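Please read the structure below before turning to the comments.
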2 protein chains.
Amino acid sequence: MTAYDKLTARFTRIATLGETAAFLGWDAATMMPPGGGPARGDQLAVLAGLSHGLLSLPEVGDELSAAEAEEDAADDWRAANLRLMRKAYVRATALPRDLVEARARANSACEKVWRDAHHKSDFAMVLPHLEEVVRLVRETASALSVTLNLSPYDALMDGFQHGLRTAEVADVFAGYEIFLRDALPAAEERQARQPAPVRPKGPFPVPLQEALCRQVSERLGLDFRHARLDRSAHPFSGGTRTDVRITTRYDEADFTQALLAVMHETGHALYERGLPADHDRQLVGEAAGMAVHESQSLIVEMQACRSDAFLSWLAPQLHKTFGGDASVYHVSNLARLWRRISRGFIRVDADEMTYPAHVILRFRLEQALVGGELHAADLPAAWNAGFKSLLGITPPDDARGCLQDIHWYDGAFGYFPSYTLGAMAAAQLMAAARRAVPGIDGGLAGGDLSPLLGWLRRNVHGVGSRLTFNELLQAATGKPLDPADFQAHLTGRYLA
Amino acid sequence: MTAYDKLTARFTRIATLGETAAFLGWDAATMMPPGGGPARGDQLAVLAGLSHGLLSLPEVGDELSAAEAEEDAADDWRAANLRLMRKAYVRATALPRDLVEARARANSACEKVWRDAHHKSDFAMVLPHLEEVVRLVRETASALSVTLNLSPYDALMDGFQHGLRTAEVADVFAGYEIFLRDALPAAEERQARQPAPVRPKGPFPVPLQEALCRQVSERLGLDFRHARLDRSAHPFSGGTRTDVRITTRYDEADFTQALLAVMHETGHALYERGLPADHDRQLVGEAAGMAVHESQSLIVEMQACRSDAFLSWLAPQLHKTFGGDASVYHVSNLARLWRRISRGFIRVDADEMTYPAHVILRFRLEQALVGGELHAADLPAAWNAGFKSLLGITPPDDARGCLQDIHWYDGAFGYFPSYTLGAMAAAQLMAAARRAVPGIDGGLAGGDLSPLLGWLRRNVHGVGSRLTFNELLQAATGKPLDPADFQAHLTGRYLA
């Protein structure tokens, strides 16, 4: 057995253990009765501890050094896998155990108080907890920075998406801010000249919605011999490559939220389903990161399913399912309903044109928090000023401002850019796919995603983590991230 | 930290890991899409391997010796816990790793072939696999026998129920065989003189059945803030003390099976819910074994729910739920339907009087297989001869004979006696509870299990594993296992 073989066996075991945690997490959000909560926390903590223990054994370091010295027959997969293993080992061993445990405690305590503070729109209430969380994040980022030879904020971002760097992201975001300055008012003006969309009238019985959601997800290519669709408070995609679990939530008064969420989560799930089976349970066989993951949910939801072509297939399905006045299900009305620009305070409710502004704000603020230039106490003021500058409106309270997202209060810094980089990558991938495969829009008009999906399987899903974000885009589209495709998409959809 | 404290921390971790496996097992039987099966096998194997690794560390042996030498302030719980830890450690370390792995492979291979062989009623097909399974069980029993200082078969049985010994079980079963010789024909004769029961006519829509099952389970005392009721191919009870998961299966043509299974599984679940929280995640806080567990399902299903008192509460609930002719839901008809004696070939369909005959046969045959007096090849003939001698009828084929149960083909030897010892213990506990608590039958007549449940909480559930089977019965009823109470129960119900 070579050192590399020993390592792959170890990482297979660690990944398999990770799968157990994925299912327990899914269960907690979908099935678990409330009384199971405290024990579930313990179960996940034990799994995390065992997993960390297996990864940070000194033998792993020895085997890594030996494998790195072994003959490498120019195997890209092996080389990439080894790089990812090294990075995982460095991350696992870079932090003193005390710090890891202090973070887990601080995050958990802060997140609990945040729920209440968010509800009451009371930032002062959660501030001491947030200060502690930020202090420990800064300590973490600084320790990782040294061992990974990255800036502190980059070290955090790299944990969510391999290869993302602040300089590039800042440039891309600055460019988008300029684009938005003209594009947003222009899109609003154009929209104002169009007829107002008509909302379909409910009630829409949940069993009908559920059957429709499943039908659409299957039509998009999700194989339910390897998948489930359930309900949870917040839609998500979980599980594993051979057993993906997506969720949504239903509102009897409006089926929009449930259905669009299922399209989005189906995109995530199709990515997982298409990961390279030959590299199952190896780091190189995993999804390439959160930005790439988001590109796959958004290429399905935003690029494909909200296109006129797909809506023309969907419209009669909706009418068949819910009955009533057929005209509200006309493509033009659906397009006005589901492609509506609106400046709002809440990120998760934002349209695809203003969404990046929400992310840009968070990216700048979290950099400043990690860098120490912004103190947690000054966050509400900085938030409101930044929001006003980006979107021209000021949040009326912190619940609709800096308290709206769980991320920071749960210790996640460096994640937010993934949302917008994913949206941009989705547009870039869609443009490349359209150039490469002539039948994509024809397929969508028949409710058939498979021409697009085939291209994604070859160019994104099947790549696993062999390539970083920009390498993947380069190989798939002929260039690294180029925000022009996203801007062209928005221009075409909202300004043409 | 004393050695004992170190041990409790270790066993807490191992138990918490065991909880994760319990939920993955539940998920596999209730929720998992078929494509998730192979990966689930790997996940459970990794958890089992980690758990075994944590338990069999040499430090555990050292800490056990140290803790056994520590001052013991006459704490029964601590002493019992330490005994159980020692036994678990001895069991985990008694077997060579090769043997454990060979057994896992042989059991899994045999069980797969058995499914097909059972379906085709083709014993020859599975025989080579069964021979291998038996060979490895004998090797296992022999190794455990030495380290536990028990006979080989006792070493197996003790793994399912602490403290069970062949000599006592054989005596009890021989006595039952004699009882049955007269009681069964007498009960059949009496039954033949009664009017035939009338089956309620369906269809019984599954959602109505499901709501009824949940209502009955709640009424029996199961708190659904800490429980779920789902569907599976075979009803079972799983999960943990604070999050129990019971299942049943529904047949639109007959609600009997679903409802009685829920009563049974509710009994198991109430036991788990009542285990001593102060000893959570310690061996002494676990259920006392499979015979005690079965006593708790049967005391609810057979003793309480099939009593005239409870049926008088249930009857109008059934009529309210399903409507139709009220007379079929009359107590006397329900009693004739659900307390019907019938000699049959299938254990899981057997009534409570003939059920022990099915178990006695298996007990004798598995002893002979483990002892080497019976060869696997001779099992069908031995089965049919034994069945004829016990119940006077001969199975028409092996599917209705020695192929009917999964247990042996999956490597489980020594489990079967638990079913009947549980039935006997249930009758003995019920008799003691009735003596101690005057309101039990009055409660049942109002659909209220709580007078009985309160007594069980104090005398069975709250005891955890502090006492062995006979110690528990002695403490709760004033005597060790005494089959007279079960025989009196049967006489009262079927011969009076």
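Bear in mind that the values in this text are calculations on the coordinates, not laboratory data. Predicted model, so just to flag it, every value in this text is computed and none were measured. Every residue, glycine among them, receives a Cβ derived from its backbone with ideal geometry; neighbour counts consider all protein chains shown.
3J(HN,Hα) along segment B:447-455: x, 10, 7, 4, x, 5, 4, x, 5 Hz, from the Karplus curve 6.51 cos²θ - 1.76 cosθ + 1.60 with θ = phi - 60°, whole Hz, x for Gly and Pro. By the equivalent-ellipsoid construction on the alpha carbon gyration tensor, segment B:96-180 comes out with semi-axes of 27, 22, 9 Å, ordered largest to smallest. Computed over segment B:252-392, the P(r) curve from all C-alpha pair distances, binned at 10 Å from the origin, holds 10, 28, 27, 23, 10, 1 percent per bin. Rounded, prolate or oblate: which one fits segment B:133-256, using the alpha carbon gyration tensor with axes a ≥ b ≥ c (rounded when a/c is under 1.5, else prolate when a/b beats b/c, else oblate)? Because a/c hits 1.5 or more and a/b fails to exceed b/c, segment B:133-256 counts as oblate.
Sorted from shortest to longest, the distances between the A:D75 label points of this copy and the other copies are 5.4 nm, with each point 7 Å from Cα along the line through the beta carbon.
What percentage of all Cα-Cα pairs in segment B:153-496 are separated by more than 38 Å?
On the way: 7720 of 58996 pairs.
Cα-Cα pairs of segment B:153-496 separated by over 38 Å account for 13 percent.
When A:A377 is represented by a point 7 angstrom out along its Cα-to-C-beta vector, the spacings to that point in the other copies are 8.8 nm, nearest first.
Just how large is the dipole of the protein assembly as shown about the Cα centre, in debye to the nearest 20, putting +1 at every Lys and Arg Cβ and -1 at every Asp and Glu Cβ?
Values: 102 positive and 122 negative charges, 446 e Å.
My answer is approximately 2140 debye.
Please state the relative contact order of segment B:174-307 as a whole percent: Cα pairs under 8 Å, 6+ residues apart? Walk me through the numbers on the way to the answer.
Working: 154 pairs, mean separation 26.1, N = 134.
Here the relative contact order equals 19 percent.
Using the Cβ of B:A399 as centre and a radius below 9 Å, the other residues enclosed give a net charge of -1, where K and R count +1 and D and E count -1. Here the label points at B:A381 and A:A211, each 7 Å from Cα along the C-beta direction, are separated by 5.9 nm in the simple model.
Pairwise alpha-carbon distances in the protein assembly as shown exceed 41 Å for 49% of all pairs.
Cα centroids of segment A:3-35 and segment B:156-235: 37 Å apart.
Pairs of lysine in chain A with Cα under 27 Å and at least 8 positions apart or on different chains: total? Mind showing how you got there, number by number?
Working: A:K6/A:K87; A:K87/A:K479; A:K112/A:K120; A:K120/A:K388; A:K201/A:K320.
The number of close lysine pairs in chain A is 5.
Couplings 3J(HN,Hα) of segment A:435-445, computed from phi: 5, 7, 10, x, x, 4, 6, x, x, 4, 5 Hz, in residue order, whole Hz [Karplus 6.51 cos²θ - 1.76 cosθ + 1.60, θ = phi - 60°; x for Gly and Pro].
Once you order the gyration tensor axes a ≥ b ≥ c over the Cα atoms, which shape class does segment A:357-496 get: rounded for a/c under 1.5, otherwise prolate or oblate by comparing a/b with b/c?
Numbers: a/c = 2.73, a/b = 1.93, b/c = 1.41.
Prolate is the answer for segment A:357-496, as a/c is 1.5 or above and a/b outweighs b/c.
Kirkwood analysis of segment B:3-152, using all unique Cα-Cα pairs, places the hydrodynamic radius at 18.0 Å.
Tell me, what ³J(HN,Hα) does each residue in segment A:398-404 have, in order and in whole Hz, if you take phi through Karplus 6.51 cos²θ - 1.76 cosθ + 1.60 with θ = phi - 60° and put x for Gly and Pro? With coefficients 6.51, -1.76 and 1.60, one gets 6, 4, 9, x, 6, 9, 6 Hz. Taking 13 Å as the cut-off, the amide N atoms of segment A:137-161 that come nearer than this to a point 7 Å along the Cα-to-beta-carbon line of A:A102 belong to A:137-143. Binning the alpha carbon pair distances of segment A:188-344 at 10 angstrom intervals from zero yields the distribution 10, 37, 33, 15, 4, 0, expressed in whole percent.
Taking only the alpha-carbon positions of segment A:397-452 and ignoring solvent, what does the Debye formula give for the base-10 log of I(q)/I(0) at q = 0.13, 0.18 Å⁻¹? With no solvent term, the Cα-only Debye profile gives -0.57, -0.70. A prolate overall shape is assigned to segment B:194-236, the ratio a/c of its alpha-carbon gyration tensor axes (a ≥ b ≥ c) being 1.5 or greater and a/b exceeding b/c. Restricting attention to the protein assembly as shown, close to 55% of DSSP beta bridges with both partner residues there are antiparallel. Report the calculated FRET efficiency for B:H407 and B:A253 (r = Cβ-Cβ distance, R0 = 25 Å), to the nearest 0.05. E(calc), rounded to 0.05, equals 0.30. Inter-chain Cβ neighbour count for A:293-301, averaged per residue, equals 0 (cutoff 10 Å, partner chain atoms only). For B:D75 and B:A174, the difference between the fully extended length at 0.36 nm per residue and the C-alpha to C-alpha distance is 31.8 nm. The H on the amide N of A:G238, modeled in the peptide plane, is under 5 Å from the matching H of A:R245, A:I246, each at least 5 residues off or on a different chain.
So if each residue of separation counts as 0.36 nm, and I subtract the Cα-Cα distance between B:R458 and B:T12, what length gain in nm does that give? The partial results should precede the final answer.
Values: separation 446, 0.36 × 446 = 160.56 nm, distance 2.40 nm.
That works out to 158.2 nm of additional length.
Is it possible to state the helix-based mean residue ellipticity at 222 nm for chain B, with each DSSP H run of 4+ residues giving -39500 (n - 2.57), the sum divided by total residues, to the nearest 500 deg cm²/dmol? What is it? Walk me through the numbers before you get to the answer.
Working: 20 runs with 313 residues, N = 496.
Rounded to the nearest 500, it is -21000 deg cm²/dmol.
Share of antiparallel DSSP beta bridges in segment B:153-496, in percent to the nearest 5?
Working: 6 of 11 bridges.
Percent antiparallel among DSSP bridges in segment B:153-496 is about 55.
Counting Cα-Cα pairs of segment B:184-264 in 5 Å increments starting at 0 gives whole-percent bin shares of 3, 14, 21, 18, 13, 10, 10, 7, 3, 1.
Across the copies of the chain, A:P34 has label points (7 Å from Cα along Cα→Cβ) spaced 3.9 nm apart, shortest distance listed first.
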